[in-house]
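K.L.:
One structure follows; several queries about it will come next.
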Amino acid sequence: DPTCTIWPTKISFSRMALQALNNCEFIRLEVNPSTKCLLVAPTHASDKDSIRWIKGQKDLSVRNMESRIFGEEIYKAWGLDSEYNYRADGRLVSARNKIMLLFDFNDAETWKTKVRE
């Protein structure tokens with residue numbers, strides 16, 4: 001299944017998420033603060049909110065997207081505990097003939113963040 005994992009400092013997606021969106025190169029993230037859902041929509045590089053989420057040229061994979069500010073905002077909006085990481089399964093949804101991935105973090109898998117010394 002496609003998965004999305006968030007840490008206090010980064011966000012990442014599984015290879016299955018990349019494949020579910022037909023290996024698109026750029027995405028737009030939409031965060032719903034009240035439902036604890038994250039929508040991943042394929043987009044073009046010209047979209048002002050686009051993020052390049054892949055790495056590699058031949059063996060494509062999804063890169064970790066580092067952003068302490070983004071992590072802090074999601075944790076604050078959703079009331080998450082910064083000592084934990086969260087992983088949610090995604091499902092394909094469509095709107096206006098566009099396929100997207102929806103991740104619901106209401107029942108996310110959690111585990112304690114390892115502290116680096």
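K.L.:
Any idea which residue in region 94-110 is surrounded by the fewest Cβ atoms within 10 Å (Cβ to Cβ), counting only those that are at pLDDT 95 or above and out of contact with any helix residue (DSSP H, G or I) (no Cβ under 8 Å at 6 or more places or on another chain)? Walk me through how you get there before you give the answer.
P.N.:
Applying the first criterion (at pLDDT 95 or above) to region 94-110 yields 100-106, 108-110.
Retained after the next criterion (residues that are out of contact with any helix residue (DSSP H, G or I) (no Cβ under 8 Å at 6 or more places or on another chain)): 100, 102-104, 106, 108-110.
On the way: Met100: 20, Leu102: 20, Phe103: 24, Asp104: 16, Asn106: 9, Ala108: 20, Glu109: 13, Thr110: 14.
Step by step, filter region 94-110, then rank; the result is Asn106.
K.L.:
Next question, about the same structure. Return the residues of region 32-52 that are of a type in the set (A, V, I, L, M, F, W, C) and either over 26 Å from Thr110 (Cβ atoms) or at pLDDT 95 or above (or both); say none if nothing qualifies.
P.N.:
Hits for region 32-52 are Cys37, Leu38, Leu39, Val40, Ala41, Ala45.
K.L.:
Hey, another quick one. In region 37-48, which residues are in a loop (DSSP other than H, G, I, E, B) and surrounded by 13 or more Cβ atoms within 10 Å (Cβ to Cβ)? Break it down stepwise before answering.
P.N.:
First, the residues of region 37-48 that are in a loop (DSSP other than H, G, I, E, B): 44-48.
Matches in region 37-48: Asp47 only.
K.L.:
May I ask you to list pairs of residues, at least six apart or on different chains, whose Cβ atoms are under 7 Å apart, with the first in region 98-109 being under 9 Å from Arg87 (Cβ atoms) and hydroxyl-bearing (Ser, Thr, Tyr) and the second being open to solvent by 40 Å² or more (accessible area, probe 1.4 Å) and at pLDDT 95 or above?
P.N.:
Going by the 7 Å Cβ cut-off, there are no qualifying pairs.
K.L.:
A further question on this structure: Would you please name the residue that is least open to solvent (accessible area, probe 1.4 Å), looking only at residues in region 49-80 that are touching a Phe, Trp or Tyr at 6+ places or on another chain (Cβ under 8 Å) and outside any helix (DSSP H, G or I)? Break it down stepwise before answering.
P.N.:
Applying the first criterion (touching a Phe, Trp or Tyr at 6+ places or on another chain (Cβ under 8 Å)) to region 49-80 yields 50-53, 62-63, 65, 71, 78, 80.
Subset that is outside any helix (DSSP H, G or I): 50-53, 62-63, 65, 80.
Details: Ser50: 31, Ile51: 49, Arg52: 79, Trp53: 0, Val62: 21, Arg63: 82, Met65: 16, Leu80: 29 Å².
For region 49-80, the residue satisfying everything is Trp53.
K.L.:
Can you tell me how many residues within region 15-36 are in contact (Cβ under 8 Å) with a residue 40 or more places away in the chain, open to solvent by 50 Å² or more (accessible area, probe 1.4 Å) and within 22 Å of Lys48 (Cβ to Cβ)?
P.N.:
2
K.L.:
Name the single residue that is nearest to Leu18 (Cα to Cα) among those in region 81-93 being surrounded by 14 or more Cβ atoms within 10 Å (Cβ to Cβ) and out of contact with any Leu (no Cβ under 9 Å at 6 or more places or on another chain).
P.N.:
Among residues in region 81-93 that are surrounded by 14 or more Cβ atoms within 10 Å (Cβ to Cβ) and out of contact with any Leu (no Cβ under 9 Å at 6 or more places or on another chain), the one nearest to Leu18 (Cα to Cα) is Asp89.
The values are calculated or read from the model by the stated rules, or taken from the named source; none is laboratory data. Please read all numbers here as calculations on a predicted model, not as lab measurements. Quick reminder, even Gly has a Cβ in these numbers, built from the backbone with ideal geometry, and neighbours come from all protein chains shown. For the accessible areas, the whole protein counts, side chains as well, though only heavy atoms, and no ligand, DNA or RNA atoms are used. Shrake-Rupley method; radii C 1.70, N 1.55, O 1.52, S 1.80 Å.
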